[in-house]
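See below for the structure under consideration.
The values are calculated or read from the model by the stated rules, or taken from the named source; none is laboratory data. Just so we're clear, the structure is a prediction, and the values are computed from it rather than from any experiment. With ideal geometry, Cβ positions are generated from the backbone for all residues, glycine too; neighbour counts draw on all protein chains shown. In case anyone asks, the SASA skips ligands and DNA or RNA and just uses the protein heavy atoms, side chains included. Shrake-Rupley method; radii C 1.70, N 1.55, O 1.52, S 1.80 Å.
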Amino acid sequence: MGDPCISITPENKAYIDEPLCVGCGICPKICPFGAIDIINLPEELKQQPIHRYGENQFALYNLPVPVFGKVVGLLGRNGIGKSTAMQILAGVLKPNFEKYEKEATYRDLIDYFKGTEAQAYFEKLERNEIKVSFKPQQVELIPKSFQGSVEELLRKVDEKQEFDKIVDILELSKILDRDITQVSGGELQRVAIAACVLKKANVYFFDEPTSYLDIKQRLKVARFIRSLATEDTAVMVIEHDLIILDYLTDFVHLIYGKESGYGVVSGLKATKNGINTYLSGYMREENIRFRDQQITFEKNPQEETTSVNKLLNWKDFQRSYGNFSLEVKEGTVFGHDVVGILGENGIGKTSFVKELVAESKKENSELLELADTIGILKVAYKPQYIEHNDEIVRLYLKDALKYELQLIKPLKIDHLLDLTLSQLSGGELQRVAIAKVLASDAHIYLLDEPSAYLDVEQRLALSKVMSTMMEVKRASALVVDHDLLFVDYISKRLLVFEGEPAIKGRVTGPFSMEEGMNNFLSGLDITFRRDEANNRPRVNKIDSQKDREQKLSGNLYYG
């Protein structure tokens with residue numbers, strides 16, 4: 001026809017005329033930066049996007065709806081519009097309906113959603129009958145926007161005059177005098193939740209409220225957030241920990257599409273059915289398949305490793321670190337083993353790992369007994385917090401590039417190789433750091449909270465990657481994580497840490513999955529069952545018949 005489909009804008013950027021594009025797929029292959037995706041939208045998707053960030057950029061279709069008296073969850077991959085949708089509902093972001101020159105008004109939103117529950121929500125927003133409070137995803141940015149102590153921050157936002165009550169519930173009393181720049185990630189998360197809740201509002205939004213928290217803290221925060229939902233108050237949550245999402249919410253919206261391309265918000269679903277639909281990859285009502293394969297779990301816990309290939313054995317030992325004491329009981333790691341490590345924050349997990357590394361470097365360690373094939377134990381370690389710098393990803397991962405099929409492609413790192421580490425998002429940096437560690441030469445791989453910033457599908461993909469790499473390397477892994485579903489999916493055995501955070505810790509195991517989970521859950525007062533559709537672990541309601549039966553039998557995890 002002679003019309004230019006691809007042209008260069010005055011800003012010297014490539015522009016694609018979308019109505020002219022026939023989706024031939026040539027330009028994504030030619031583009032040297034991997035910057036182009038040609039996406040065919042579902043045929044049923046004929047309505048205008050709620051918001052689009054710019055020409056040829058991400059578009060969001062439809063919006064979730066808060067429900068008064070209930071907790072509604074948003075479930076979907078990273079980069080698919082969950083935070084965008086929540087920011088629009090919270091009034092943080094004004095949508096544009098693909099008209100980039102002007103922002104939409106509440107009247108535009110009311111007309112767009114006429115006849116739906118969203119219409120009533122935006123009418124109340126327009127009349128100022130709804131006041132919202134929003135907890136953002138990136139709590140680590142709080143110290144950059146506020147200077148002072150934790151108490152000063154919370155006093156400043158306390159509109160309800162409930163400072164003492166909220167501080168007690170979220171266990172913040174010990175850090176009130178501390179400067180906001182000196183608190184840990186988990187403490188900062190609870191401070192952010194407290195700041196959100198202390199504001200007078202009738203709709204509360206929480207974007208990933210359990211990041212950095214251990215399982216005990218996650219359950220406490222989930223119960224607290226649930227308690228906020230009353231007849232006059234609605235709560236909406238984004239959460240990647242499926243066990244906590246299931247425990248916390250009454251309903252969910254699924255968000256599907258293409259990462260960084262477009263996102264579509266599904267209709268409201270009961271939580272159990274919504275999560276099962278998400279794991280199945282197919283929405284029957286919309287007749288949409290958004291994943292090629294179904295995600296299922298083993299009905300029974302993985303059997304304890306019976307390999308005679310004993311890699312490492314440690315004897316009983318005790319250590320003191322200032323006011324903290326650590327007691328370790330004898331344990332063994334086998335070849336090709338993946339051992340999950342469970343325990344609260346501040347209970348000695350990292351200290352234990354560092355002791356193993358230090359002992360392995362001694363010429364004649366009295367504590368470690370290594371396999372005959374090992375001279376000096378080589379350990380590869382991924383810390384909990386990963387630092388950004390300006391190193392190019394391709395150079396950072398030079399040893400990992402030879403594992404293209406085992407690491408680079410499954411972790412979806414190939415399009416990041418020419419960026420610098422400082423340009424990566426939290427989830428991208430996490431995947432790159434994991435790939436670097438797994439590619440290094442070691443007998444034991446220690447990963448501290450590898451699921452942080454990863455979405456549900458990335459977490460499950462990582463478990464398969466780790467299993468493959470342990471076979472390739474003929475090595476074993478110790479994995480510290482607080483997502484029980486991820487630990488269940490990835491682990492063959494469990495190491496359990498008990499005690500009192502910052503005072504004393506006690507290490508026992510590794511146990512079989514069933515014994516380890518029973519030991520760990522006995523201190524949490526909760527029980528788990530398996531979902532009949534896909535065998536995923538689910539928390540029983542406290543004091544339900546199933547909960548009482550399992551506590552009576554002593555079988556807390558697999559019911």
Exercise for the section: First select every other residue whose beta carbon is under 12 angstrom from the beta carbon of ILE238; then total the charges, Lys and Arg +1, Asp and Glu -1. Expected result: -2
Problem - 10 Å beta-carbon shell around VAL379, net charge (K/R +1, D/E -1) - result: +3
Practice task
Among (1) 1.06; (2) 0.97; (3) 1.00, find the value of Rg/Rh (Cα atoms, Kirkwood Rh) that was calculated from the structure presented, and write down its label.
Solution key: (2)
Handout entry: With Cα atoms, 0 to 90° folded angle of helix 426-439 axis to the chain main axis
Key = 40
Exercise for the section: Pop out the carbon and sulfur fraction of the accessible area of the chain as a percent, whole number, probe 1.4 Å. Expected result: 47
Exercise for the section: Given the peptides 148-157, 494-503, arrange them by the average over their residues of other C-beta atoms within 10 Å, most packed first. Expected result: 494-503, 148-157
Exercise for the section: Per residue of region 232-247, in order, report the coupling 6.51 cos²θ - 1.76 cosθ + 1.60 (Karplus, θ = phi - 60°) as ³J(HN,Hα) in whole Hz, putting x for Gly and Pro. Expected result: 9, 9, 10, 10, 10, 9, 9, 8, 9, 7, 5, 5, 5, 4, 5, 6
Practice task
Give me the angle, in degrees from 0 to 90, between the Cα long axis of helix 271-280 and the longest principal axis of the Cα atoms of the chain, rounded to the nearest 10.
Solution key: 80
Exercise for the section: Excluding residues on the same chain fewer than 8 positions from LYS102, give the lysines whose Cα lies under 28 Å from its Cα. Expected result: LYS13, LYS46, LYS82, LYS94, LYS114, LYS124, LYS131, LYS135, LYS258
Completion exercise
Taking Cα pairs closer than 8 Å and at least 6 residues apart, the relative contact order of the chain in percent is 14
Problem - Accessible area per residue, Å², region 316-430 with all protein chains present, probe 1.4 Å - result: 54
Exercise for the section: For PHE334, list long-range residues whose amide hydrogen, built 1.01 Å from N in the peptide plane, is under 5 Å from its own amide hydrogen. Expected result: LEU311
Problem - Where region 136-245 is the region considered: accessible area per residue in Å², 1.4 Å probe - result: 41
Exercise for the section: Roll a 1.4 Å probe over the protein heavy atoms and report the accessible area of ILE169 in Å², nearest 10. Expected result: 60
Practice task
For region 1-121, report the accessible area per residue in Å² (1.4 Å probe, heavy atoms, rounded to an integer).
Solution key: 58
Handout entry: Using distinct alpha-carbon pairs, which all enter the 1/r mean, Kirkwood radius of region 482-559 in Å
Key = 13.2
Completion exercise
Using the Cα gyration tensor of region 212-342, the equivalent ellipsoid's semi-axes, largest first and to the nearest Å, work out to 39, 24, 13
Completion exercise
Kirkwood Rh for region 71-150 from C-alpha pairs, in Å, is 14.9
Exercise for the section: Compute, for LEU311, the solvent-accessible surface of its heavy atoms (probe 1.4 Å) with the complete set of protein chains present, and express it in square angstrom to the nearest 10. Expected result: 10
Completion exercise
Of the convex hull drawn through the C-alpha atoms of region 143-224, the volume per residue in Å³ is 95
Exercise for the section: Using packing as a proxy for protection, rank 336-343, 184-191 so that the peptide with the highest average count of other Cβ atoms within 10 Å comes first. Expected result: 336-343, 184-191
Handout entry: Candidate lysines for bridging to LYS541, where Cα separation is under 19 Å - those fewer than 8 sequence places away on the same chain excluded
Key = LYS70, LYS216, LYS220, LYS272, LYS551
Fill in the blank from the handout: Expected vector for region 472-479, Karplus 3J(HN,Hα) from phi with 6.51, -1.76, 1.60 and θ = phi - 60°, integer Hz, x for Gly and Pro, equals 4, 8, 6, 10, 9, 10, 10, 10
Completion exercise
So, relative contact order of region 477-529 in percent, Cα under 8 Å, 6 or more apart, is 29
Practice task
Would you kindly find the accessible area of TYR381, with a 1.4 Å probe and non-protein molecules such as ligands, DNA and RNA excluded, rounding to the nearest 10 Å²?
Solution key: 90
Handout entry: Angle between the chain longest axis and helix 185-197 axis [Cα atoms, degrees, rounded to 10]
Key = 40
Fill in the blank from the handout: Phi angles of region 163-177, converted by Karplus (6.51 cos²θ - 1.76 cosθ + 1.60, θ = phi - 60°) into ³J(HN,Hα) in whole Hz with x for Gly and Pro, give 3, 4, 5, 5, 4, 5, 4, 8, 6, 10, 4, 6, 10, 4, 7
Handout entry: Test item: Cα-centred dipole of region 206-321, Lys/Arg +1 and Asp/Glu -1 on Cβ, debye
Key = 340
Exercise for the section: For a label point 7 Å from the Cα of LYS402 along Cα→C-beta, name the residues of region 454-496 whose backbone N is under 15 Å from it. Expected result: 472-474
